[in-house]
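Single-structure report; data block below.
Quick note: the coordinates plus some simple rules give every number you see, no bench work behind them. Just so you know, these numbers come straight off a predicted model, no measurement behind them. When we count neighbours, we look across all protein chains shown, and the Cβ atoms used for this are built from the backbone with ideal geometry, even at glycine.
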Amino acid sequence: MPVETVISVRQSTGTYVARIKGFKPTASNTISAYEAAKAIARKFYAESNVVWILENGKSPNTFSIRSSN
C-alpha cells in the first residue's frame, strides 16, 4: 500500500525551504518550490525507492510524496 507524506515549502529571502512535519532535516533550493520538495524527498526516502511528487491542491507550495513502501 502506498505511503503518502505532505511536504510544506516556504519562501525566505529568495530561497525555497522544504520541510516534512516530524522530520528534522530541511532542504532548500533557489529555483522553485518543486525543486525544494524533490530535495527533501531524496533525504526522506532512499534513492532506491520509487517516489512521486504531486502538487497538493490544498494550498500553494504544498506537495505530497508517495512511495511504494
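Here are a few things to note about the model shown:
- Taking other C-beta atoms within 10 angstrom as a stand-in for reagent exposure, 12, 32, 64 fall in the order 12, 32, 64, fewest first.
- Sorted fewest first by neighbouring Cβ atoms within 10 angstrom, 34, 16 come out as 34, 16.
- A straight chain from residue 12 to residue 28 at 0.36 nm per residue would run longer than the Cα-Cα distance by 4.8 nm.
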